[in-house]
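Here the structure comes first, spelled out in structure tokens, and everything after it is commentary.
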2 protein chains.
Amino acid sequence: MAAASFDVVGIGNAIVDVLAQTNDDFLAMHELVKGAMTLIDEARGEMLYGAMGPGIEISGGSAGNTMAGIAALGGKGAFIGKVRDDQLGKIFRHDIRAAGVAFETTPATDGPTTGRCLVLVTPDAQRTMNTFLGAAVELTPDDLDEEAIRSAQVTYMEGYLWDPPAAKEAFLAAAKIAHGAGRKVSLSLSDPFCVARHHASFLELVSGHVDVLFANEMEICGLYQTKSFEGAVEQVRGHCEIAVLTRGEKGAVVLAGGETHVIEAEPAPDIVDTTGAGDLYAAGFLAGLTRDRPLYECGRMGAIAAAEVISHIGARPETDLAALVRQRLHKA
Amino acid sequence: MAAASFDVVGIGNAIVDVLAQTNDDFLAMHELVKGAMTLIDEARGEMLYGAMGPGIEISGGSAGNTMAGIAALGGKGAFIGKVRDDQLGKIFRHDIRAAGVAFETTPATDGPTTGRCLVLVTPDAQRTMNTFLGAAVELTPDDLDEEAIRSAQVTYMEGYLWDPPAAKEAFLAAAKIAHGAGRKVSLSLSDPFCVARHHASFLELVSGHVDVLFANEMEICGLYQTKSFEGAVEQVRGHCEIAVLTRGEKGAVVLAGGETHVIEAEPAPDIVDTTGAGDLYAAGFLAGLTRDRPLYECGRMGAIAAAEVISHIGARPETDLAALVRQRLHKA
């Protein structure tokens, strides 16, 4: 039997999101940093959950969202990440498979529950995330599906993997397998606070192991410890083959060697919840890249996918992204 | 310590909804009856869940939704229903409490998992429900909070309670407690298929134990086994003090003794998901009734609450219903 071959294999923390509407007073009262992803332990999670309003549970996780986006764009993807054998773990597994993504990582049979992220959405559509990693911390190099990684054009990993120690090892092992098979390694810097937590090792990682880098303005400035976006652009240019720097409603800049592509944002008339914007930008870009589309077009595909996901609650696409891209790609 | 007193105590099956978008082909392939609530066992649930698309988990259950609506309208409510001590049970408990509803029923510590309802939403905004009752079948008369029921102006129960045998006993016991304290008993017929399953005993129940009845057109016609809405109207008039008969976009008719109030539907320009329409109609009506509002106004409050819940995914209100009612009540 021939091994399945994939466009993209995503590796990340397997997380179920618990979304609730809130207001700025709630964030202030609980000392939450608006717009950031903060790691919390189980006790803090219980406390915040008890205080917050009624929730909606939707499968999430940064790389998981990206893979759901790849599938919605017609790409062939697999996800590697750790859940527990509990109800939330079954929900995560069902949702990512139902989205069309292969997911075969064995669930943990003991230890912490499936990870969850309390996502507090304010009326300005900003999301403030509080993540209890749970079983995601149990991901180790043993969980890597080497066949899948070797077969995939791109192995995509989220910076958040740098938080659980064993997952960091899995990250490096996956990069080695991918490069050994002549494949590309891609990283999303995930979050400015994540960059701050792991600054030195991220710098090393980006210049040593990453071919395609995704970062937003705050993240890339954090990585190079500069306040100037232009300064960061010049530094990252030599550090990886392709750098995709997103700037929200200002669009994105894609750098590749000497090339610079300026990408317009896709109009998003009714922004409801910005959760997953970066994840879906990466999905659109990688879907284009693995089909050998020109870099400008890859960037536009990212912009279209990101605009869809911010138009509704939840960080995974709700519409046929492939059709949306066909409709929108040449209309910017 | 004085006992809490409530406007409404709701008793129902404690259920977490799993909502997914689907199409008519999927319903046909799995022989699902569009618009109905069908009871399924765990094996059928696993099969359908495996086949359906990515889901969103939101606490539901007919009477649970109604109680969330009562709270959103500023009323004081309690809910009685059975979950298990599992992750979905914790989600149900959190959500109903966070909505402002007292919920103290002890969770089951063994037996089936917390009940769930696979809600398949088609592009026409119709919902087709497949319910695995799970722990909800463990509700018995022992779970009744007699103090709460005695204190409440209205004890509201869903017809779906007639499906699990012990819950039926709990229903009758609750009615006896409420009437013993000089309080009112209210019932929603829930679903035409539920009426068909329990036709004879529902008839007996309505004429013997129910003061305030909620039914839609198909349910009331099913109860009196007539095709004529007008015929059903004449029959129900003598059977209970108040009958609230909803007719979707055609509005509602409220009967009380010789009085007949015709209630206009609230305009609903963008219908997304009709799940919970009847539940929220009951919430609005009972919120008015327990504040001694005129019956016409109670009906309009029901219409306004129902219009809100069908404008988004999920069967519980997402906006401040009290403010919405203040805004809309005199604008029909």
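Points to keep in mind about this one:
Here's the yes/no breakdown for (1) over 30 Å from residue A:320 (Cα atoms); (2) within 17 Å of the chain's Cα centre (by Cα); (3) within 14 Å of another protein chain (Cβ to nearest Cβ):
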{"position": "B:120", "(1), (2), (3)": "no, no, yes"}
{"position": "B:133", "(1), (2), (3)": "yes, yes, no"}
{"position": "B:146", "(1), (2), (3)": "yes, no, no"}
{"position": "B:152", "(1), (2), (3)": "yes, no, no"}
{"position": "B:176", "(1), (2), (3)": "yes, no, no"}
{"position": "B:186", "(1), (2), (3)": "yes, yes, no"}
{"position": "B:204", "(1), (2), (3)": "yes, no, no"}
{"position": "B:213", "(1), (2), (3)": "yes, yes, no"}
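- Residue match in region B:293-302 (condition: touching a residue at least 24 places away in the same chain (Cβ under 8 Å) and within 14 Å of residue B:66 (Cα to Cα)): yes
- Test result for residue A:262, without any contact (Cβ under 8 Å) to a residue 12 or more places away in the chain and farther than 18 Å from residue A:309 by Cβ: yes
- The set of residues in region A:162-209 that are aliphatic (A, V, I, L, M) and more than 22 Å from residue A:145 (Cβ to Cβ) comprises A:189, A:195, A:196, A:200, A:203, A:206.
- Pairing residues of region B:305-316 that are more than 13 Å from residue B:121 (Cβ to Cβ) and within 9 Å of chain A (Cβ to nearest Cβ) with residues that are crowded, with 23+ Cβ neighbours inside 10 Å and among the charged types (D, E, K, R), at Cβ distances under 9 Å and at least 6 apart in sequence or on separate chains, gives B:316/B:95; B:316/B:279.
- One residue stands out in region B:41-75 among those that are acidic (Asp, Glu) and not in a loop (DSSP other than H, G, I, E, B): the one that is farthest from residue A:96 (Cα to Cα), namely B:42.
- Filtering region A:196-217 to residues that are more than 13 Å from residue A:157 (Cβ to Cβ) and modelled with pLDDT of 95 or more leaves A:215, A:216, A:217.
- When region B:270-294 is filtered for residues that are under 14 Å from residue B:242 (Cβ atoms) and in contact with a strand residue (DSSP E or B) (Cβ under 8 Å, 6 or more places away or on another chain), the ones remaining, listed by number, are B:281, B:282, B:285, B:286, B:289, B:290.
- Residue list for region A:83-104, filter: at the interface with chain B (Cβ under 9 Å from one of its Cβ atoms), in a helix (DSSP H, G or I), of a type in the set (A, V, I, L, M, F, W, C) and within 22 Å of residue A:149 (Cα to Cα): A:96, A:98
- A single entry from B:181, B:174 fulfils the requirement of being more than 22 Å from residue B:68 (Cα to Cα) and touching a helix residue (DSSP H, G or I) at 6+ places or on another chain (Cβ under 7 Å): B:181.
- Checked against (1) in a helix (DSSP H, G or I); (2) among the small types (Gly, Ala, Ser); (3) more than 12 Å from chain B (Cβ to nearest Cβ), residue A:78 meets all criteria but (1).
- All positions within region A:104-137 that are under 19 Å from residue A:78 (Cβ atoms) and surrounded by fewer than 22 Cβ atoms within 10 Å (Cβ to Cβ): A:104, A:105, A:106, A:107
- Scanning region B:94-120 for residues that are hydrophobic (A, V, I, L, M, F, W, C) and touching a Leu at 6+ places or on another chain (Cβ under 6 Å) gives B:118, B:119.
- Within region B:41-69, the set of residues being more than 14 Å from chain A (Cβ to nearest Cβ) and buried (at least 19 other Cβ atoms within 10 Å of the Cβ) comprises B:62, B:63, B:66.
- Residue within region B:7-16 that is more than 20 Å from residue B:164 (Cβ to Cβ), within 14 Å of chain A (Cβ to nearest Cβ), modelled with pLDDT of 95 or more and crowded, with 17+ Cβ neighbours inside 10 Å present: no
- The one condition in (1) in a helix (DSSP H, G or I); (2) out of contact with any strand residue (DSSP E or B) (no Cβ under 6 Å at 6 or more places or on another chain); (3) at pLDDT 95 or above; (4) among the small types (Gly, Ala, Ser) that residue B:175 fails to fulfil: (2)
- Region B:163-176 residues that are farther than 21 Å from residue B:192 by Cα, paired with ones that are among the β-branched types (Val, Ile, Thr) and not in a helix (DSSP H, G or I) (beta carbon under 6 Å, 6 or more apart): B:166/B:140; B:170/B:140; B:174/B:11; B:174/B:155; B:175/B:185
- The sole residue among A:282, A:287, A:315, A:277 that is under 20 Å from residue A:190 (Cβ atoms) and touching a Phe, Trp or Tyr at 6+ places or on another chain (Cβ under 7 Å) is A:282.
- Qualifying positions in region B:110-134 - more than 18 Å from residue B:164 (Cβ to Cβ) and either without any contact (Cβ under 8 Å) to a residue 40 or more places away in the chain or among the polar types (S, T, N, Q) (or both): B:122, B:124, B:126, B:128
- Evaluated against (1) touching a helix residue (DSSP H, G or I) at 6+ places or on another chain (Cβ under 7 Å); (2) crowded, with 17+ Cβ neighbours inside 10 Å, residue A:74 falls short on exactly one condition, (2).
- Check on residue A:190, surrounded by 15 or more Cβ atoms within 10 Å (Cβ to Cβ), assigned to a loop (DSSP other than H, G, I, E, B) and under 15 Å from the mean Cα position of the chain (by Cα): yes
The values are calculated or read from the model by the stated rules, or taken from the named source; none is laboratory data. Remember, predicted model here, so these are calculated numbers, not experimental data. So basically every Cβ, Gly included, is an ideal-geometry build from the backbone, and we count neighbours across all protein chains shown.
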